[in-house]
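So the structure is just underneath, and the comments pick up after that.
Only the coordinates and a few stated rules stand behind these numbers; no lab work does. Since the structure is predicted, the reported quantities are computational estimates derived from the model, not experimental observations.
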Amino acid sequence: MNRFEAIAGTLAGLGGWRRAGLLLVAGALAGLAMPPFYFWPLLFIAFPVFIWTLGDAPLRRAFATGWLFGLGYFVACFYWIGIAFLVDAATYLWMMPFMVGGLAGGMAIYWGLAALATAALRQNGLARLIALAMFLGIAEWLRGHLLTGFPWTAPGLAVTGMGALAQAGALLGMPALTPLIALWASLPALIGFRPRRGEIVAAALLLALLPAFWLWGAYRLSQAETAPAQPVSVRIVQPNISQDDKWRGDNARPIFDKMKFMSQQATAARPDGINGIGVVIWPESALSFFIDESGQGLSELAALLPDGTSLVLGALRRDGEATGSERRVHNSVLGLDSDANVVARYDKWRLVPGGEFLPFESILEPLGFRKVVTVPGSFAAGPGPRNITLPGLPAAAVLICYEAIFPHRLIDPAERPSRACLCCAPPIPASRRSSMRRDAWWPSSASARKA
């Protein structure tokens, strides 16, 4: 028995808090391979520990092994969700461990089932590693589709920190990248199973796919066009405004003025400022009022935008057919032409669970749980992926924040876009929601019309 076989045997024999703690730590290390950390070499430590600890466990113990590893992984990956509860801590902080831990625990069930299925096959050596990778790929596909789907931080996303290897996504897609990454990361575990010569050769061939895909990706990048066939000059405006300040009613005018100033500001690279810009892009929920309902706001934008310049901004938008509290609110992207006419519109259709809608609302609301993003009425989902078209520009796909994680539903199925626009920003604290009325959010000032 070599040293690694002894380690594998020791880990398989662990029980109680030692086993649970090891799996949670190993899972968290695997989570650090994901953006924004990109410590992907940790996968080649975490997965062997997971596999060795799994050992020849009975089915119930195998499920618990996979669930604990997945729990550590998803808690590390979902850390950012907890930040939303700090925006209005007095109202939401108590919910943080329940929402983050509950979501991570729910997602970890899929990994527990993958470990259970692997153990049920009673395979050893390389066959076990391949089985786990396949079942984990299936589990991740199900996680991205069942119960509205939540495919955040699928293991295949680790390629984003692996340079040219990320180009393999163009060939394989996330459904194939996830089991492949899991298999590559698991291969070092083979040394703890006294592998046969044939398994060593097969493992070496599988591992050789990694540099092969990397070389192909490097070649693909070297052949990429350096500029689009129809270049479009874009100015992206991203102000540094804290969320607590943003949603105060008395800040609506200063923030709007700041957005306008940054949009037309002259820089060393563009001394003419906004002149000659094809598209100005503002972020998700860029303004704290309903811009499409504000004649004054639109008139000021018309004065800001030169002829031939369009504005794309994230905006909260209300349905026009209902009145009062029954008016549904959409998290939208609006496209305005140079006269500030709304010529394009996209409504977010993948709403964030616990953020823009509350799952099992009838059960959780009586217990005091609330969705983090609270608006007058209720958030409504849009019809699905669709392009927007601005004057003189090709069709563009739009993704709002959370929607970017669904690889199977990104673009309009009827028309492949020529461009893509991604808008993202943090949510609205509930303490600021009551002032969101057309008049209350729009301070008075002199009207401005384009000459």
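Can you give the convex hull volume per residue for the Cα atoms of the stretch 98-141, as a whole number of Å³?
59
Using θ = phi - 60° and the Karplus curve 6.51 cos²θ - 1.76 cosθ + 1.60, what whole-Hz ³J(HN,Hα) does each residue of the stretch 291-304 get, with Gly and Pro shown as x?
Coupling constants for the stretch 291-304: 4, 6, 9, 10, x, 5, x, 5, 5, 5, 5, 4, 6, 6 Hz.
Can you compute log10 of I(q)/I(0) for the stretch 155-244 with the Debye formula, treating each Cα as one identical point scatterer, at q = 0.19 Å⁻¹?
Values, matching the q order: -0.94.
Equivalent-ellipsoid semi-axes (√(5λ), Cα gyration tensor) for the stretch 240-293, whole Å, largest first?
Semi-axes, largest first: 24, 13, 9 Å.
Mind jotting down a quarter of the surface of the convex hull over the alpha carbons of the stretch 7-106, in square nanometres, one decimal?
The number I arrive at for the stretch 7-106 is 6.9 nm².
Using the 2.2 N^0.38 Å rule of thumb for compact globular proteins, work out how the stretch 90-174 stacks up: its C-alpha Rg over that value, please.
It is 1.35.
Using Cα pairs under 8 angstrom and six or more residues apart, how large is the relative contact order of the stretch 199-287, in percent?
Once divided by the residue count of the stretch 199-287, the mean separation gives 34 percent.
Just to check I understand the Karplus step: with θ = phi - 60° and J = 6.51 cos²θ - 1.76 cosθ + 1.60, what whole-Hz values come out for the stretch 191-197, glycine and proline as x?
With the stated coefficients, the stretch 191-197 comes to 5, x, 10, 6, x, 7, 4 Hz.
Rounded, prolate or oblate: which one fits the stretch 43-189, using the alpha carbon gyration tensor with axes a ≥ b ≥ c (rounded when a/c is under 1.5, else prolate when a/b beats b/c, else oblate)?
Judged from the Cα gyration tensor, the stretch 43-189 comes out oblate (a/c at least 1.5, b/c at or above a/b).
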